[in-house]
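Here is the structure we will look at, set down as structure tokens.
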Amino acid sequence: MRPISYRRATDAQSAVQALASAAETNNPLTDASIQPLAGGTTLLDLMKLDVMRPAVIVDINPLTKSWSAINLDGRKLKLGSLARMSDVAANPDIQRHYPVIADSLKLAASPQLRNMASLGGNVLQRTRCTYFRDVSYEQCNKRSPGSGCAAMDGFNRAHAVLGASDQCIATYPGDFAQALIALDATVEITGKSGVRNISFADLHKAPGSSPQIETALMPGELISAFSIEGRWPRSTYLKVRDRQSYEFALSSVAIALDLQDGTVRDARVALGGVATIPWRAREAEALLKGQKLDDAVASEVAEAAFEGAIGRKHNEFKIALGKRVVSRALHQAAAMEI
Ligand SMILES: Cc1cc2nc3c(=O)[nH]c(=O)nc-3n(C[C@H](O)[C@H](O)[C@H](O)COP(=O)(O)OP(=O)(O)OC[C@H]3O[C@@H](n4cnc5c(N)ncnc54)[C@H](O)[C@@H]3O)c2cc1C
Ligand code: SF4
């Protein structure tokens, strides 16, 4: 049995102080030994599997009152990081002005999990790679840097075709993150020295040679909110999976379109289930601008979205599947009545 120190924050300041003081006595960069606790649906799951072994847990749920607001002020949306997935998905403003956000949350996990899970915890969930989640496998560079990668020559059906490295091919599993990256969201981060903002696109790190480093968060920092400028009523999230409910994506896409008289003025395309991080397909977006959407344009965009994709023994099918998902979602978004 390993001892765990549990601390309950009373407000933002006490949370960052507890995290900072724990960081002084532990080594957060190497063993993730300090963890904030939100809904716990990832953290406690991975602790039970013995994958995450924090020495200190700082419960941030007492901050829920101040960090769970859903605030649409003019054309700026701000979502508190402790807002629950189900509350955001059910919010009428979100459903009307940002359907891609509501859809991405509604199609994730199960109702019970969505009631419990927070937005901040959702974007920071860990990969579902079997070899990462099962400590009986010794080779996993993400869990045990330098040990190798059992998925490379193992069963890699669920793994990434984009953004992989020779160290790790694990898929980023979440859904909401694709909506955030598509809409150019900003992440508000609260730490001991104050608040800083980064682009959501800079939050997740591709595995490269250090797959154990997954985000740009510094030890002791908390995500306090997400914000989005502008409204995207013509937006949608399409998710394809092995079963219709309670399953992670094999391929998904977040699409947002700004159409005028059928011509695309602006477009956003982000892919899920196929890449190591939330994946923005900017070259595909560029092909859409100024075009009228038809089958030929949709398939050209889908091809561009998967440019450079590399399939492995069991996941090659994701490239063809992903292109069809992009094409279908584009037509779906274009046909929306807003
Ligand atoms: C069976 C199952 C099926 C699932 N299916 C899906 C799915 O289809 N799609 C999908 O998107 N997700 C899915 N999930 C994942 C689920 O959505 C996440 O577990 C959940 O969103 C995590 O939120 P949480 O608040 O419970 O996070 P926690 O478990 O509390 O935290 C997760 C991680 O983030 C850190 N953290 C939490 N909040 C903050 C913060 N504000 N600042 C800094 N660090 C923080 C924690 O320390 C921890 O490392 C599934 C989960 C399960 C168990
Ligand atoms: S793909 Fe990544 S997470 Fe999975 S075994 Fe390889 S190194 Fe570990």
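The values are calculated or read from the model by the stated rules, or taken from the named source; none is laboratory data. None of the values given here were measured: they were computed from a predicted structure. All Cβ positions, glycine included, derive from the backbone under ideal geometry; neighbour counts span all protein chains shown. Note: accessible area is taken over every heavy atom of the protein model, side chains too, but ligands, DNA and RNA are not part of it. Shrake-Rupley method; radii C 1.70, N 1.55, O 1.52, S 1.80 Å.
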Problem set entry | Of Pro173, Met116, Val274, farthest towards positive along the dipole that unit charges on Lys, Arg, Asp, Glu beta carbons give the range 66-338 | Met116
Problem set entry | Ellipticity estimate at 222 nm from DSSP helix runs (n ≥ 4, -39,500 (n - 2.57)) divided over the chain, nearest 500 | -8000 deg cm²/dmol
Exercise. Got a number for carbon plus sulfur as a percent of the range 66-338's accessible area, 1.4 Å probe?
Worked result: 47
Exercise. When ligands, DNA and RNA are left out and all protein chains stay put, how many square angstrom of accessible area per residue does the range 66-338 have with a 1.4 Å probe?
Worked result: 43
Exercise. Listed highest first by mean packing, meaning other Cβ atoms within 10 Å per residue, what order do 179-187, 49-57 come in?
Worked result: 179-187, 49-57
Exercise. Do you know the relative contact order of the range 96-149, to the nearest whole percent, from alpha carbon pairs under 8 angstrom that are 6+ apart?
Worked result: 15
Exercise. Considering amide H positions built from the backbone, and no H for Pro or chain starts, which residues 5 or more places from Asp266, or on another chain, come under 5 Å of its amide H?
Worked result: Asp258
Seminar exercise, completed: Inter-part gap, Cα centre of the range 235-262 to Cα centre of the range 52-127, in whole angstrom, is 18
Seminar exercise, completed: Toy charge model, Lys and Arg Cβ at +1, Asp and Glu Cβ at -1: the chain dipole around Cα centroid in debye, rounded to 20, equals 540
Seminar exercise, completed: The long-range amide H neighbours of Gly174, using H built 1.01 Å from N in the peptide plane and a cut-off of under 5 Å, are none
Exercise. Each residue of the range 83-90 in turn: what ³J(HN,Hα) in whole Hz from Karplus with 6.51, -1.76, 1.60 and θ = phi - 60°, glycine and Pro shown as x?
Worked result: 4, 7, 3, 5, 5, 5, 4, 8
Problem set entry | Calculated on alpha-carbon atoms, Rg and Dmax of the range 187-338 in Å | 17.2, 52
Problem set entry | Förster radius 22 Å - calculated FRET efficiency between Thr64 and Glu24 (Cβ-Cβ, nearest 0.05) | 0.25
Seminar exercise, completed: antiparallel share of DSSP beta bridges within the chain, to nearest 5, in %, is 80
For this session: Please list, or write none, the aspartates and glutamates whose alpha carbon is within less than 18 Å of the alpha carbon of Lys106, excluding same-chain residues fewer than 8 places away.
Result: Asp87, Asp93, Asp175, Asp242, Glu247
Seminar exercise, completed: Residues meeting the amide H criterion for Lys76 (H placed from the backbone, H to H distance under 5 Å, 5 or more places apart or on another chain) are Gly230
Exercise. For the chain, modelled as a GNM with alpha-carbon contacts under 10 angstrom, which of Lys192, Lys142, Lys76 fluctuates the most?
Worked result: Lys76
Problem set entry | Expected-Rg normalisation [2.2 N^0.38 Å, Cα atoms] applied to the chain | 0.98
